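To start, the structure under review is shown below, and the notes come after it.
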Amino acid sequence: MSNGADTPDISSPPGGAPFADGPTRREGWTVARPETLPRRRTAWPAAAALGIVLIFFGVVTAWLVVIAGVALLGVATAGWIGEVRYDLGGDRRDG
């Protein structure tokens, strides 16, 4: 099955079975699905990025801005690690 050139025609694989929405797939193949979806979106990465921006902005302006950036980066890092630990099931305080 070729289209006249040196490249094979991949529009209809041999022994393919169509999906419900149209494209074809090989026999025995299934649609890949994620094992689990993330629990929810989190703002910690954006807060960490803002902390880094404040640190660099503070270096050229005022040390108070650097201190605020370091504090924000520390809080964001702790919050982000807490979210990841919760998602992985490691945030158990029962022993």
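Here, each number is a calculation from the coordinates, and none is a lab measurement. Remember, predicted model here, so these are calculated numbers, not experimental data. Reconstructed Cβ throughout: ideal geometry from the backbone, glycine too, with neighbour counts over all protein chains shown.
Here are the numbers for this structure:
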quantity	calculated
Segment Trp80-Thr42, length gained on full extension (0.36 nm per residue, minus Cα span)	12.9 nm
Cα pair distances in segment 44-87, grouped into 10 Å bins until the bin that holds the longest one, percent each	36, 43, 17, 5
Estimated inter-spin distance, Phe57 and Ala32, nm [label 7 Å along Cα→Cβ]	3.9 nm
